[in-house]
């Protein structure tokens, strides 16, 4: 049984999110985006189109609990970079997670659901993130309480589905032909979306930048 996600009592005025209305379908795609690239854009665009989303929030996080953040560029710089590739009126770049005082996705999603109980939130991630999803804090609780859309990434489809989280969630997988209904489905429910692929990765781009600098 998934444990309950703890929710802190955040001040409603201090935490500013993009404008949202009751009944809307909102995709949440979090990450450090260091740097953001075409692969992120493909995931976001695929989610908006295939899930019938009203908005897709690029939640630029203060840091990744599973990685070293010592050389992470400032939040405002990563947000500015994301703004350049998050094209379209449905794309919203936000850094509100920094105001929550937590780097954990579970707490962020629980906060959003508490503040906006009549909004349909969907967690959106690439297949590479599904492969490590079982290492996230309260990942079972996330899967039990929020619909999830996983978008294919080069070389990750089979590996992601075979890893602990993918295998555990197999019975609640929804055919991608029903993806437009995912946002309003009762969790647990998730789908795997096929899409055009981009071989770009933030890690490879950082390594290339470091090589050029050297």
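The values are calculated or read from the model by the stated rules, or taken from the named source; none is laboratory data. Just so we're clear, the structure is a prediction, and the values are computed from it rather than from any experiment. Positions of Cβ are backbone-derived with ideal geometry, glycine not excepted, and every protein chain shown enters the neighbour counts.
Tell me, which residue of segment 49-62 that is farther than 17 Å from residue 19 by Cα and crowded, with 20+ Cβ neighbours inside 10 Å is farthest from the chain's Cα centre (by Cα)?
In the first step, residues of segment 49-62 are kept if they are farther than 17 Å from residue 19 by Cα; the result is 49-52, 61-62.
From what is left, the residues that are crowded, with 20+ Cβ neighbours inside 10 Å are 51, 61.
On the way: 51: 14, 61: 10 Å.
Of everything passing the filter in segment 49-62, 51 is farthest from the chain's Cα centre (by Cα).
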Check: Under the condition of being without any contact (Cβ under 8 Å) to a residue 60 or more places away in the chain and part of a strand (DSSP E or B), which residue from segment 114-163 is surrounded by the fewest Cβ atoms within 10 Å (Cβ to Cβ)?
Finding: 148
Check: Is one or more of the residues making up segment 76-91 crowded, with 21+ Cβ neighbours inside 10 Å, part of a loop (DSSP other than H, G, I, E, B), touching a strand residue (DSSP E or B) at 6+ places or on another chain (Cβ under 7 Å) and touching a residue at least 40 places away in the same chain (Cβ under 8 Å)?
Finding: yes
Next item on the list: Report, ordered by the first and then the second residue, all pairs with beta carbons closer than 8 Å, sequence separation of six or more or different chains, a first member in segment 165-176 that is under 11 Å from residue 133 (Cα atoms), and a second member that is modelled with pLDDT under 95 and part of a helix (DSSP H, G or I).
Entry: none
Notebook entry, point to check: All but one of (1) in contact with a strand residue (DSSP E or B) (Cβ under 6 Å, 6 or more places away or on another chain); (2) surrounded by 18 or more Cβ atoms within 10 Å (Cβ to Cβ) hold for residue 36; which doesn't?
Noted result: (1)
Item checked: Residues of segment 50-75 classified as closer than 19 Å to residue 107 by Cα and part of a loop (DSSP other than H, G, I, E, B), total -> 7
